[in-house]
Amino acid sequence: MFAVMKTGGKQYKVQSGDMLRVEKLAADAGETVQFNDILMLGGDAPVVGAPLVDGAAVQAEVVDQIKGDKVIHFVKRRRKHSSKRTKGHRQQLTLLRITDILAKGADKSGVKAALGAGSAPAAFEAAAPAKKPAAKKAAPKAEAKAEAPAGADDLKKLSGVGPALEKKLLAAGVTTFAQIAAWSDTDIAEFDEKLSFKGRIEREGWVEQAKELTKG
């Protein structure tokens with residue numbers, strides 16, 4: 001009796017007693033593992049899976065963890081600034097001895113399933129806590145805009161005052177030319193420091209401009 005099994009992305013035709021090299025398995029030498037992906041059973045009454053044969057399995061003893069033959073990978077680029085590279089690789093493999101082929105009852109055999117070295121056992125995956133969906137990030141709050149209240153003057157008429165400086169003045173409670181026209185030296189110094197105008201109020205002559213705009 002023989003079986004066609006699948007492991008590591010490859011298919012193998014095996015029978016009891018065969019020695020086989022497969023992609024590295026997560027098992028130690030001396031352990032017995034079971035392959036449950038059986039595509040076909042051959043013998044007096046062949047059975048072809050659709051795609052797998054239900055209840056069938058192949059059991060094998062792990063003989064050793066080995067490395068395959070070295071494979072040389074050479075790359076050369078023919079260009080003005082040519083380059084070449086040589087790499088060697090030895091694939092990690094597991095050496096097996098096929099011990100038994102089961103036509104049925106694989107789920108009751110008690111032998112652990114053969115898993116690739118990078119695979120996590122199904123029991124571990126089942127026990128692992130489900131990942132919580134990532135919390136949606138709250139949309140950033142829109143910055144409060146200082147809007148001109150009803151009856152406010154267009155402060156952008158002052159020399160050197162644009163939308164940004166107008167927002168600063170409105171946020172500080174300055175909404176009319178009359179307020180600016182009434183500023184004293186103390187007020188000018190206070191607003192210059194508080195709003196970081198760096199002498200702009202006196203340099204641009206806002207108080208005088210405000211007095212003229214108030215008249216007109």
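The values are calculated or read from the model by the stated rules, or taken from the named source; none is laboratory data. Predicted model only: the values in this text are computed from it and were never measured. With ideal geometry, Cβ positions are generated from the backbone for all residues, glycine too; neighbour counts draw on all protein chains shown.
Taking each residue of the range 72-92 that is within 30 Å of residue 22 (Cα to Cα) and surrounded by 10 or more Cβ atoms within 10 Å (Cβ to Cβ) and looking for partners that are of a type in the set (Gly, Ala, Ser) and modelled with pLDDT of 90 or more with beta-carbon atoms closer than 8 Å, six or more apart or interchain, yields 90/68; 91/68; 92/68. Among the residues of the range 57-68, is any within 24 Å of residue 109 (Cα to Cα), assigned to a loop (DSSP other than H, G, I, E, B) and touching a residue at least 12 places away in the same chain (Cβ under 8 Å)? No, the range 57-68 contains no residue that is within 24 Å of residue 109 (Cα to Cα), assigned to a loop (DSSP other than H, G, I, E, B) and touching a residue at least 12 places away in the same chain (Cβ under 8 Å). Which one is surrounded by the fewest Cβ atoms within 10 Å (Cβ to Cβ), of the residues in the range 179-208 that are among the aromatic types (Phe, Trp, Tyr) and not in a helix (DSSP H, G or I)? The residue in question is 183. Residues of the range 155-178 that are surrounded by fewer than 17 Cβ atoms within 10 Å (Cβ to Cβ), without any contact (Cβ under 8 Å) to a residue 24 or more places away in the chain and either under 18 Å from residue 212 (Cβ atoms) or not aliphatic (A, V, I, L, M) (or both): 156, 162, 163, 167, 173.
Among the residues of the range 44-56, those that are out of contact with any Gly (no Cβ under 8 Å at 6 or more places or on another chain), surrounded by 14 or more Cβ atoms within 10 Å (Cβ to Cβ) and assigned to a loop (DSSP other than H, G, I, E, B) comprise 49, 52, 53. State whether the residues of the range 8-19 include one that is within 14 Å of residue 101 (Cβ to Cβ), surrounded by 15 or more Cβ atoms within 10 Å (Cβ to Cβ), modelled with pLDDT of 95 or more and within 38 Å of the chain's Cα centre (by Cα). Yes: the range 8-19 contains one or more residues that are within 14 Å of residue 101 (Cβ to Cβ), surrounded by 15 or more Cβ atoms within 10 Å (Cβ to Cβ), modelled with pLDDT of 95 or more and within 38 Å of the chain's Cα centre (by Cα). Before we move on, is residue 41 more than 23 Å from residue 116 (Cβ to Cβ) and crowded, with 16+ Cβ neighbours inside 10 Å? So residue 41 passes the test. Residues that are of a type outside the set (A, V, I, L, M) and touching a Lys or Arg at 6+ places or on another chain (Cβ under 9 Å) were ranked within the range 20-31; the one that is surrounded by the fewest Cβ atoms within 10 Å (Cβ to Cβ) is 31. Looking only at the range 7-33, residues that are within 15 Å of residue 117 (Cα to Cα) and either part of a loop (DSSP other than H, G, I, E, B) or in contact with a helix residue (DSSP H, G or I) (Cβ under 7 Å, 6 or more places away or on another chain) (or both) come to 8 in all.
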